[in-house]
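Just below is one structure, and these are the notes that go with it.
The values are calculated or read from the model by the stated rules, or taken from the named source; none is laboratory data. Note that this is a predicted model, so its numbers are computed, not measured. Note that we place each Cβ from the backbone using ideal geometry, even for glycine, and neighbour counts take in every protein chain shown. Heavy atoms of the whole protein, side chains included, go into the accessibility calculation; ligands, DNA and RNA do not. Shrake-Rupley method; radii C 1.70, N 1.55, O 1.52, S 1.80 Å.
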Amino acid sequence: MPPLLLKTKSFVDRYEKVTLWLALFSGFILTAMAFTTVISVAGRYLFNSPISGDTEIVQMFTAVVVALAMPYCQMRLGNVIVDVLTTSAPANIRLTLDIIGSLLLAGLFMILAIQTYEGGLSAYKYHNETMMLRMKEGWFYMTIALGFALTSIAGFIKPIALLADYKGAQ
């Protein structure tokens with residue numbers, strides 16, 4: 001395997017580790033959301049006093065959780081694919097299709113990241129906030145845009161790892 005491909009594969013492996021930590025952080029947020037929901041429901045039924053704005057918390061953070069977990073999902077090729085037609089195809093055909101799919105995902109997530117970033121700028125400009133808790137919406141948009149941008153990067157660099165693995169297997 002060429003030295004440049006080895007160095008690049010090493011970078012891709014380090015990027016995957018960073019995205020793993022981001023996904024773990026996302027899981028921590030998801031766990032906190034679950035506890036918030038349980039406490040709110042228990043408070044509603046036991047004390048007639050739910051957590052005010054619990055639905056806002058869950059709504060806003062759900063998008064953040066998904067956006068922060070997506071880069072790791074792409075690095076592990078954990079997204080849903082339909083491979084019924086390609087399971088019997090030769091390895092080089094499957095590799096080509098995986099690379100094309102990864103690059104398409106990268107382009108689409110780049111567009112999503114840009115649009116979400118612009119939405120965040122607008123939310124900051126107009127001081128948008130949630131109805132109940134008055135949480136500023138701008139930082140939610142920016143966090144989601146970061147997750148989408150990192151997913152786009154993952155989509156662009158994952159083909160390098162796929163090629164390196166394919167070359168190494170030969």
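Side notes on the structure shown:
- Condition broken by Leu5, with the remaining ones in (1) touching a Lys or Arg at 6+ places or on another chain (Cβ under 8 Å); (2) at pLDDT 90 or above satisfied: (2)
- Checked against (1) open to solvent by 90 Å² or more (accessible area, probe 1.4 Å); (2) modelled with pLDDT under 95, Leu104 passes all but condition (2).
- Criterion: open to solvent by less than 50 Å² (accessible area, probe 1.4 Å) and touching a helix residue (DSSP H, G or I) at 6+ places or on another chain (Cβ under 9 Å) - qualifying residue of Val41, Val64: Val64
- Count of the range 64-76 residues which are out of contact with any Gly (no Cβ under 9 Å at 6 or more places or on another chain) and either without any contact (Cβ under 8 Å) to a residue 12 or more places away in the chain or in a helix (DSSP H, G or I) (or both): 2
- Cβ-Cβ under 8 Å pairs, at least 6 apart or on other chains, the range 25-46 side over 18 Å from Val66 (Cα atoms), far side assigned to a helix (DSSP H, G or I): Ser40/Asp54
- Positions within the range 112-132 being surrounded by 13 or more Cβ atoms within 10 Å (Cβ to Cβ) and in contact (Cβ under 8 Å) with a residue 60 or more places away in the chain, in sequence order: Thr130
- Of the residues Ile39, Ile57, Ile81, the single one that is within 30 Å of Ala106 (Cβ to Cβ) and of a type in the set (Val, Ile, Thr) is Ile81.
- The one condition from (1) modelled with pLDDT under 95; (2) among the charged types (D, E, K, R); (3) open to solvent by 80 Å² or more (accessible area, probe 1.4 Å) that Asp83 does not meet is (3).
- Condition check for Ala89: at pLDDT 95 or above and either assigned to a loop (DSSP other than H, G, I, E, B) or open to solvent by less than 70 Å² (accessible area, probe 1.4 Å) (or both): no
- Asn79 meets all of the listed conditions (1) part of a helix (DSSP H, G or I); (2) under 11 Å from the mean Cα position of the chain (by Cα) but one, namely (1).
- Residue in the range 16-23 that is without any contact (Cβ under 8 Å) to a residue 12 or more places away in the chain and loosely packed, with under 13 Cβ neighbours inside 10 Å present: yes
- Some residue of the range 90-108 being under 16 Å from Val64 (Cβ atoms) and within 20 Å of the chain's Cα centre (by Cα): no
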